[in-house]
1. Grab the Cα-Cα distance for VAL430 and THR644, subtract it from 0.36 nm times how many residues apart they are, and report the gain in nm with one decimal.
2. Expressed in nm to one decimal, what extension gain is obtained for the pair CYS348 and THR631 from 0.36 nm per residue of sequence separation less their Cα-Cα distance?
3. Dipole size in debye (nearest 20) for region 54-258 around its Cα centre, Lys and Arg Cβ +1, Asp and Glu Cβ -1?
4. Over the Cα atoms, compute the radius of gyration (one decimal) and Dmax (the largest Cα-Cα distance, rounded to a whole number) for region 457-654, in Å.
5. Could you order the peptides 587-600, 352-365 from most to least packed, using the average number of other C-beta atoms within 10 Å per residue?
6. Please state the charge dipole magnitude for the chain, taken about the Cα centre, from unit charges on C-beta atoms (+1 on K and R, -1 on D and E), reported in debye and rounded to the nearest 20.
7. When the accessible area of the chain is split by element with a 1.4 Å probe, what percent falls to carbon and sulfur?
8. Based on Cα positions only, what radius of gyration and what Dmax would you give for region 147-292, in angstroms?
Amino acid sequence: MLRNYFLIWIRSFRKDRTNAFISLLGLTVGLTCVLLIIGYIRYETSFESGYSNAPRIYQVLNKLTFKAESYTSAATPIALSPTLQREIPEIEAQTSLDDKQVSFFKHSGEIQKVHVTSVDNDFFRMFDFKFLSGNAKMAFKHPNALVLTPKGAKNLFGKIPALGTILYATDSVAYTVTGIIQNLPANTFFSAGILMNHPPVTKPLDYMAYNSGSTCIMLGKNNTIQQVKQKLEGLYTKYEFDNAKVDFMPVKNIHLRASGIRDFPENYNISDIKYVYVYGSIALLILLIGCFNFINLTVARSLDRAKEIGVRKLFGAKRKQLIIQFLGESSIYFVVALPIALLLAILCWHPFNYLLNFKSTYSFLLNYQSILLFTGIGIIASLLCSLYPALFLSRLNPANTLKGSLPSGFRFNLGLRKALIIIQFAISIVLIVATLVVHAQLNFLNNQNLGFNDHNLIVLNFQDYGQKERAFKNELQTNPMILSTSMSRLNVGKTYGSTFTGPSPKDSSKGIRVATIDGDADFIKTLDVPVIEGKAFANNMVHTAHSSSLDSLKEKGLSPTYISKALLEAYDIKGNPVGREVKGLGAYVIGVIDDFKALSLKEKNLYVTIHINSQPLRFGYMYIKIAGGNTAATLRFIQKKWKTFFLKAPLITVL
């Protein structure tokens, strides 16, 4: 019987190849998209699943209030971790996580600047990484120890065995490699190629002693987070944390539910749960379009099958047999479409990773959970697509169909078909509109006025130039293709340099968060920042009607400063602000600029001031404005001059 059903499906496919191919193509494309999105969702929701202690690990958060501004921060005092160990026994282990850059001397003599994650001794008790060399108990037994991943070891040592090797940093501190662990999985909330043990903290816990790190704790097996929260609140009261309240976030939630929290280290992998919902909805809509398309084509062909049904019933076919036949025919389409969709998904997986800016292996696409889920979706979709056509066709009256008259149920059939077509087109329109909205957002991002000109702008990574900064800049500007250079603490896309929250002059109960950029005298020129009011800065004098000298400004604790138009309004400064002293900002206003946007446009833009330093900045990011036309030759020139001044230091461009 099954063989007979299969032969009937083959004859039906050959008889109407165009419609059959369209049905198969629609299902295949829809299932391919669904499988890709399933792999993405499984990746996003799998974070921290590889750690056996993950259910007991929490990130310590601070809910801070200043004036009318309240926010949640992941930054914690540097002494918090050892204090927790001493005073709260319900906490079994704790570690700080601090991302920083360290420059090491490689065996070749070159200097390699790398990202290093500084952790406490309990780190490997909390996160169970597999050691390829060495062991977790001895890894951080001694100070100045390094634990590397194979990628980190290759970066620093090449093919030389790393275990037990002494590595010197540029500050003359000697570090010993005590272990090699497996590369960190992609689905963990932080990234690290090199781990070092945090130096012992000798200072007492102080509310003002914040750094850029964060703190994670692991509860004892029989303790609850509420017990720890009560004791930690008491600890905050004891150490006079007046404006802070403690909170906790399960480590499994960090990746998807921490997007609104400030001050996470740069190596944290933060996304947003809304992307999972959005892509899950898209997968469902695509699947519905494919299923509705299949139902519509099946219903459209139902009139051609009516006489076939009549003949089969006349020769004794029962309704149950006909239902099984039509369900089987529809299932064959899915049986053919599923492996093709799986193959296409495998081929598209890496481009799909690149498109959505995430890195994962085929394991999220091809593991048995994904395959079972995908197969289950295929079976359910097959039943939904074939059930109505099977029930409708199997109940046709053979006498009417053989006479050629329309069955009584065809009016309902056509009404359902129209409804499905309308729904299908509605879903398609929703997806098209969503695509247009995304396109408009991308255009908005690309054309947004940032308050500076980022075209033909090169940024060299953070470097301590010492006494060579001015000489290096002068040497670069001997090339006519280099228009100007500037040193600054601004790190575009990550930090302005420093921020503070002060009281609003308009309403003292509210706070104003201000970002301060430190730059040299050529900063405005190099970044081509439009100056709305005021004049360019000169090294020997501030150009105002009063011609205040730099020395007199230093005595008052003021700096020549450009302030943003928004900050001017927030401070309610009327009239011409140039030449005014704004002590709350440490500013002597020499100009007004448009709103300056150097961080993610998803974040609320801060009020910005640009402090101009008349003296060279010894360390920071060097911005180089070049003329367009021969960029490759200009970059080679910069590389050559860099090697002349900084032979062993790597040249890294970040823009």
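The values are calculated or read from the model by the stated rules, or taken from the named source; none is laboratory data. These figures come from a predicted structure and were not determined experimentally. Methodologically, a virtual Cβ is constructed for each residue, glycine included, from the backbone with ideal geometry; neighbour enumeration extends over all protein chains shown. Areas reflect the complete protein model, heavy atoms only, side chains present, ligands, DNA and RNA absent. Shrake-Rupley method; radii C 1.70, N 1.55, O 1.52, S 1.80 Å.
1. 71.2 nm
2. 98.5 nm
3. 560 debye
4. Both quantities, over Cα of region 457-654: 17.8, 55 Å.
5. Output ranking for 587-600, 352-365: 587-600, 352-365.
6. Details: 70 positive and 43 negative charges, 625 e Å.
Once rounded to the nearest 20, the dipole reads 3000 debye.
7. The value for the chain is 57 percent carbon and sulfur by accessible area.
8. Reported Rg and Dmax, both Å: 21.4, 69.
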